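Notes for the one structure printed next.
Just so it is clear, none of the values below were taken in a lab; they were calculated from the coordinates. Small disclaimer: the values here were computed from a predicted structure and weren't measured. Positions of Cβ are generated from backbone atoms using ideal geometry, with glycine treated the same way; all protein chains shown enter the neighbour counts.
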Amino acid sequence: MISSSDTPAATIMTIDDTVENLELLEEMLVSAGYRVVQFPRGDLAIRAAMQNPPDLILLDVMMPGMNGYHVCRIIKQNDTLADIPVIFLSALGDADSKVRAFTEGGVDYVTKPFQEEEVLARIRTHLELRDASRKLHDQKAHLEELVRERTYDLNQAQKVARIGSWKLTIGDTLLELSEQTRIIMGFAKEPPPSQAPVSLDKWLGHIHPDDRLIMMEAWQHSLDNPQDGYSAEYRVNNGIKTLWVHEEARFELDADGLPVRAIGTVQDVTERRVHLDALEKQNQALRDIAWTQSHVVRAPLVRLMSLVDVLNDDSFTGMDRDEILMEITASANELDGFIRDISRKTDHVFKAQEPETDEPFKSKKGK
């Protein structure tokens, strides 16, 4: 294997107590383009490998002191060296020796005397496998990092929008919740494991008692008509305060059109509900003002209109024109006073019914 100019040659470590064998392997490997490091003893090879890990190890079985099996076992127990492929080269050709070699962590076993082409082919194969494994590991790590980044971005987006997600397998009793859903529903401060699924009973336990029936009826209707999806709005006690939550869900259907899984969202709509409730109170107060004040305004208005008609009637002799004009002025002033009083009352309604909002959503003008 001749390496390209921009790719360093793979380093092969050979471990054998026979000098002739080491020389033979060196000649063969160097000719194939590999870099070779040689060791006659296993302990020396292990210390060197820890300092500069090779790409592959060719290991003899029968050596004095520490045999090849022992060497391989130590290598595989070391986190730094564990992924280095070890090929055994041995004169032992029995099945038990081969089985033990693989048991200790070897990736291949070549019986001496060996064919040069065979050894080189096996070295090339295991180096390529190791390279592919490394690339796969790097790709997996990259994908995991992307997932972490996307999960973080999603959590941040959900936090800003005050919206969370959940999913449920139909027939199961456990809901998988996003981080923001746990916060909205009041599960975030529960003891570990904080990411464990939540049972339906616990979920229902956080819903306001007066709203549970409404939510359950909406859910049952959706199960009976899964193509319509699910939508409900209810109150939740999250352990700190009561929130209004809007919940939406869509179903995944099987071949028969039956729901098998639901994926949904919950959104904190408390602020919107506060504004809507305040608006409804304003509207009701204005209706009350209009109802109670309409007859008060009508009396001077009718009198004013009658006086104008009298003023336009030349045959009327009961009052002179100055008296009529004075009455018109008095009625107009009275009507103006009523209108001003209504204006003051409506202004008071708007000011009294202005909803309180959380600090992050107040205007920052003047700060």
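How do the peptides 73-86, 262-275 rank, highest first, by the average count of neighbouring beta carbon atoms within 10 Å per residue?
So the peptides 73-86, 262-275, ranked by packing, come out 262-275, 73-86.
Modelled label-to-label distance, residue 76 and residue 172, 7 Å Cα→beta-carbon offset: nm?
3.7 nm
Give the separation of the Cα centroids, segment 209-250 to segment 11-76, in Å.
68 Å
Going highest first, how would you order 59-72, 218-231, 132-145 by mean Cβ packing within 10 Å?
Values: 59-72: 19.1, 218-231: 14.1, 132-145: 10.3.
Going from most to least packed, we get 59-72, 218-231, 132-145.
Quote the FRET efficiency, to the nearest 0.05, computed for residue 208 versus residue 152 with a Förster distance R0 of 25 Å and r equal to the Cβ-Cβ distance.
Values: r = 32 Å, r/R0 = 1.28.
Calculated value: 0.20.
Can you give the extra length, in nm with one decimal, that the chain gains between residue 27 and residue 102 once fully stretched, where that is 0.36 nm per residue apart less the Cα-Cα distance?
24.3 nm
So for the pair residue 41, residue 116, with labels modelled 7 Å out along Cα→Cβ, what separation do we get in nm?
Result: 3.2 nm between the two label points.
Using mean Cβ contacts within 10 Å as the protection proxy, how do 101-110, 195-204, 242-251 order, highest first? Display every interim value, and only then the final one.
On the way: 101-110: 17.8, 195-204: 13.9, 242-251: 19.5.
Put in order of decreasing packing, that is 242-251, 101-110, 195-204.
Mind giving me the nanometre distance, one decimal, between the label points for residue 133 and residue 308, set 7 Å out from Cα along Cα→Cβ?
10.0 nm
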